[in-house]
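To start, the structure itself, in structure tokens.
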Amino acid sequence: MKLIIMTKSTFFVEEDKILTTLFEAGLDNLHLYKPGSEPVFSERLLTLLPDSYYGRITVHDHFYLKEEFSLKGIHISDAQTTPPINYRGNISRTCKSIDDLKDIKKCANYVFLKTLFDSQSNPADKSTLTMDQLKEASRRGLIDKRVYAMGGMNLGNISLAKELGFGGVVICGDLWNRFDILGGLDYKELISHFEKLRKAVS
């Protein structure tokens with residue numbers, strides 16, 4: 001099972017140090033998600049990271065960064081938007097409807113299915129899928145190794161995602177809520193939790 005870490009939606013002072021440490025600890029797929037931000041801030045964050053890790057980063061906005069920094073790929077946050085003209089490379093997408101999964105998987109390397117549980121990073125983002133719907137989707141083979149569970153995912157429900165047949169999980173709030181971005185300097189707890197998450201998906 002794959003583990004994807006999504007960045008906080010806002011930038012913060014210690015971010016480059018934490019991300020570098022996560023990569024050193026074995027992070028293999030980071031999604032750079034900074035909605036509504038100016039591209040210069042994403043550029044700056046990327047320049048602060050060792051370039052040996054660029055191939056593990058997928059960008060959600062400012063898709064030109066993929067080529068400029070030789071990133072892993074791009075992420076399209078819905079089922080309808082078409083990729084940039086002449087784009088070649090990895091594409092992942094977000095899907096909010098089980099019924100759309102079959103078609104979306106045809107045009108993506110992998111798909112995030114949201115929202116399984118109430119979000120831990122955005123209180124307004126509530127669960128939209130029932131357990132019965134998920135079990136039925138699993139039974140029909142719509143949930144498979146190319147579909148990743150997103151929304152309220154944490155250490156406690158990774159095993160459930162495995163049982164349903166998801167190929168990976170997307171973690172955001174469960175990790176970043178363990179660090180105070182306004183005044184924190186010690187991120188040992190966050191790294192320790194990441195190591196627990198890695199064990200849980202293996």
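Details
- Applying the set (1) in contact (Cβ under 8 Å) with a residue 24 or more places away in the chain; (2) open to solvent by 80 Å² or more (accessible area, probe 1.4 Å); (3) aliphatic (A, V, I, L, M) to I85 leaves exactly one unmet item: (1).
- For Q80: the one exception among (1) under 20 Å from K145 (Cβ atoms); (2) at pLDDT below 95: (1)
- Checked against (1) farther than 16 Å from L71 by Cβ; (2) within 16 Å of the chain's Cα centre (by Cα); (3) not β-branched (V, I, T), F12 passes all but condition (2).
- Of all residues in the range 120-144, those that are in contact with a Cys (Cβ under 8 Å, 6 or more places away or on another chain) and of a type in the set (G, A, S) total 1.
- The lone exception for R93 - which of (1) part of a loop (DSSP other than H, G, I, E, B); (2) surrounded by 17 or more Cβ atoms within 10 Å (Cβ to Cβ); (3) under 15 Å from the mean Cα position of the chain (by Cα) it fails: (1)
- A single member of S138, S70 is among the small types (G, A, S), surrounded by fewer than 18 Cβ atoms within 10 Å (Cβ to Cβ) and outside any loop (DSSP other than H, G, I, E, B), and it is S138.
- Condition met for L185 (in contact (Cβ under 8 Å) with a residue 60 or more places away in the chain and open to solvent by 70 Å² or more (accessible area, probe 1.4 Å)): yes
The values are calculated or read from the model by the stated rules, or taken from the named source; none is laboratory data. Predicted, not measured: the structure shown is a model, and the values here were computed from it. No Cβ is skipped: glycine too gets one built from the backbone with ideal geometry, and neighbour counts run over all protein chains shown. To get the accessible areas, we keep the full protein, side chains included, count just its heavy atoms, and leave off ligands, DNA and RNA. Shrake-Rupley method; radii C 1.70, N 1.55, O 1.52, S 1.80 Å.
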